[in-house]
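The values are calculated or read from the model by the stated rules, or taken from the named source; none is laboratory data. Model, not experiment: these values are computed from the prediction. Cβ placement follows ideal geometry from the backbone for every residue including glycine, while neighbour counts extend to all protein chains displayed.
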Amino acid sequence: MRVLVVEDEVLVGMLLEDMLCDLDYEVAVISTNLVDALEQAASADFDLAVLDVNLNGQQSFPVADVIRRRGLPFLFATGYGTSVLVSPHAGVPVVQKPFGREELRRALAKLTAGFA
Amino acid sequence: MPGKGDTETLLQTIVEGLGQPFYAVDRDWRFTIFNGDAARYFGLAKEKVVGRTVWDVFPHEAHAERGRILMDAMARRQVVRGETLSMIESRWVQYCLFPLGDGIGVIFRDVTDRKRAEERREAAEEALRKRTMELEAVLETIPTAVLFTYDPQGRSVVANQRAIELLRLPRRTELSLSTQLHSWPAHRVLRDGEPVPLSGLPLQRAVRGEKVGDEVLEIEFDDGERRTLLVRAACLRSAQGDIQGAVCAVADVTERHRYEEHLKLMLNELNHRVKNTLAIVQSLAALTLKDIDVTARRDFEQRLLTLSAVYSLLTDASWDGAQLHDVVHASLKAHLAGRSGRLLLEGDDFRVHPKSAIAISMALHELGTNALKYGALSADGGTVAMRWTTKDRRFRLRWEERGGPAVAPPKHKGFGSRLIERGLAAELRGDVRLEYRPGGVVCSIDAPIDIVRDGLP
């Protein structure tokens, strides 16, 4: 499974990459800003995505919209509560930062359950 | 024609039949007539009065107002009517004095009851006038808009000055005014963003008998200005209990609301930054310790994640405290994943102070980690019972493990046990005992409930 990671904090992105590798996922791309993330979301080759909500003060919802249109699953990773999510993303799984590998595994498993 | 004797009898009959006190005096002020009603009124027998002078019978009267009235009537020889205080203390009389022979006749009646009723009415009117004045002064001074209606549809309202300003009602010069609500300038009243019809406004609901308490509404005017309003309303009832109208008080809480929203936003932002920083610290530690010390890395990460989970709980409650049950579950979430049936929780839930929440959470996390590595949660069928009480102003918690492998005290105390025994005891100003009993670890906490609830003074 190839994962698109959108995370503006480089260190957190690196940890996420390690965790994903440990969980036998392959990181397709790590994107650290909204413009690049929008491009990657539209064209990169991936099966699912992990999106940080706040990208240098900008919300990543437009990226989520693009991924949704491609029919691909994604989850949000955020330090904000779930209250930050607005329609149509209100039901999207969220992992609260900081999160452990187990938590990430469970969230990803939920996401890919329909694709198994 | 009646004879002289008949005339006397006739006069006597009239005098006694008047039904009112009556007396007559001659030009020398001697009583000539003193009827039965007069005798009863003054409490003096006719025989003791007739033939004596007024000033002899009533020695104080010569110098009183009544003496002056009598002398005046005697001198002017005209009919004089009026009211005065009676010779009997604190009674009022209405009198009529008239020339009679060479003297005067006096007929009077007691009007004290009417007079008192009048005084009472005047006092009541004065009190009411004062109350009205006070109420109007209050209504025009308070920074709260007040609306009244005495109309069952609540269309015709009376409003104070603040209401005229706040709700932009048509301005008039009078202190209060009546206005038709439908002639109001264009505006919309919203509840949670949804328009509220006239019939759904607090005053209109109150006039139907509903009590409206602290409802938050928004008013939006055509120029786009929005104000947030805190509204209360209640109906006005007659003594018989029928609804006669309603009153509605409206406070402008726009600034407070904005401030609260701003604070909430700030707190949310701060929490986000704390979480982000914790995530960076987690990444730094994980990447630094990668391939060096897997256990240390995992222990550190778990402690950090537990701390972060309790921070979330506290942020959700604006750092006001957290429910103990929530703290327990957040602290042992990782340990109990897939083993939730193995923790027995017994104790009434209550709100604990933020610092206590963090201290308890850190200690529980260490107990959980130990149980998972070496204790009851490391073996099949092992259980942990956690019971607490809040009696006698003490918080007493007991963590008791059972069914795990045989326990032996550790050779040296690690960071975990130091965190439990010293950290928690210091934070809660209580006693913490950690015992490595052969049957399982037992940890008991005994601390003042006030500190657990409200923090250190």
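Would you please name the residue that is nearest to the other protein chains (Cβ to nearest Cβ), looking only at residues in the stretch B:267-279 that are among the aliphatic types (A, V, I, L, M) and over 22 Å from B:THR369 (Cα atoms)?
Here the residue is B:VAL274.
B:THR315 - would you say it is within 11 Å of chain A (Cβ to nearest Cβ) and hydroxyl-bearing (Ser, Thr, Tyr)?
Spelling it out, B:THR315 is indeed within 11 Å of chain A (Cβ to nearest Cβ) and hydroxyl-bearing (Ser, Thr, Tyr).
Find the strands (runs of 3 or more DSSP E) located wholly in the stretch A:20-116 whose residues include 2 or more that are more than 24 Å from B:LEU278 (Cα to Cα) and of a type outside the set (S, T, N, Q), and list them.
Of the strands (runs of 3 or more DSSP E) lying wholly inside the stretch A:20-116, those with at least 2 residues that are more than 24 Å from B:LEU278 (Cα to Cα) and of a type outside the set (S, T, N, Q) span A:26-31.
For every residue, the table says whether it meets (1) in a strand (DSSP E or B); (2) of a type outside the set (Val, Ile, Thr); (3) under 20 Å from B:THR149 (Cα atoms).
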| site | (1), (2), (3) |
| --- | --- |
| B:GLU210 | no, yes, yes |
| B:GLY213 | yes, yes, yes |
| B:VAL216 | yes, no, no |
| B:GLU220 | yes, yes, no |
| B:GLY224 | no, yes, no |
| B:LEU229 | yes, yes, yes |
| B:ALA233 | yes, yes, yes |
| B:ALA239 | no, yes, yes |
| B:ALA246 | yes, yes, yes |
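Give me a count of the residues in the stretch B:338-394 that are part of a helix (DSSP H, G or I), touching a residue at least 24 places away in the same chain (Cβ under 8 Å) and among the small types (Gly, Ala, Ser).
Qualifying residue count for the region: 9.
Hey, can you tell me all the residues within the stretch B:413-457 that are acidic (Asp, Glu) and surrounded by fewer than 16 Cβ atoms within 10 Å (Cβ to Cβ)?
If the condition is that a residue be acidic (Asp, Glu) and surrounded by fewer than 16 Cβ atoms within 10 Å (Cβ to Cβ), then B:ASP431, B:GLU435, B:ASP446, B:ASP450, B:ASP454 are the ones that fit.
Please give the number of the condition B:GLN282 fails out of (1) more than 10 Å from every other protein chain (Cβ to nearest Cβ); (2) crowded, with 22+ Cβ neighbours inside 10 Å; (3) among the polar types (S, T, N, Q).
With (1) more than 10 Å from every other protein chain (Cβ to nearest Cβ); (2) crowded, with 22+ Cβ neighbours inside 10 Å; (3) among the polar types (S, T, N, Q) applied to B:GLN282, the lone miss is (1).
Only one of A:LEU51, A:LEU85, A:LEU72, A:LEU55 is within 14 Å of the chain's Cα centre (by Cα) and farther than 25 Å from B:ASP316 by Cα. Can you tell me which? Walk me through it before giving the result.
Working: A:LEU51 fails: farther than 25 Å from B:ASP316 by Cα; A:LEU85 fails: farther than 25 Å from B:ASP316 by Cα; A:LEU55 fails: farther than 25 Å from B:ASP316 by Cα.
Every option except A:LEU72 fails the conditions.
Say we look at the stretch B:285-297 and pick out the residues that are facing another protein chain (nearest Cβ under 9 Å) and surrounded by fewer than 16 Cβ atoms within 10 Å (Cβ to Cβ); which of these is modelled with the lowest pLDDT?
Checked the stretch B:285-297; the qualifying residue modelled with the lowest pLDDT is B:LYS290.
Answer yes if at least one residue in the stretch B:266-281 is modelled with pLDDT under 90 and of a type in the set (Gly, Ala, Ser), and no otherwise.
No, the stretch B:266-281 contains no residue that is modelled with pLDDT under 90 and of a type in the set (Gly, Ala, Ser).
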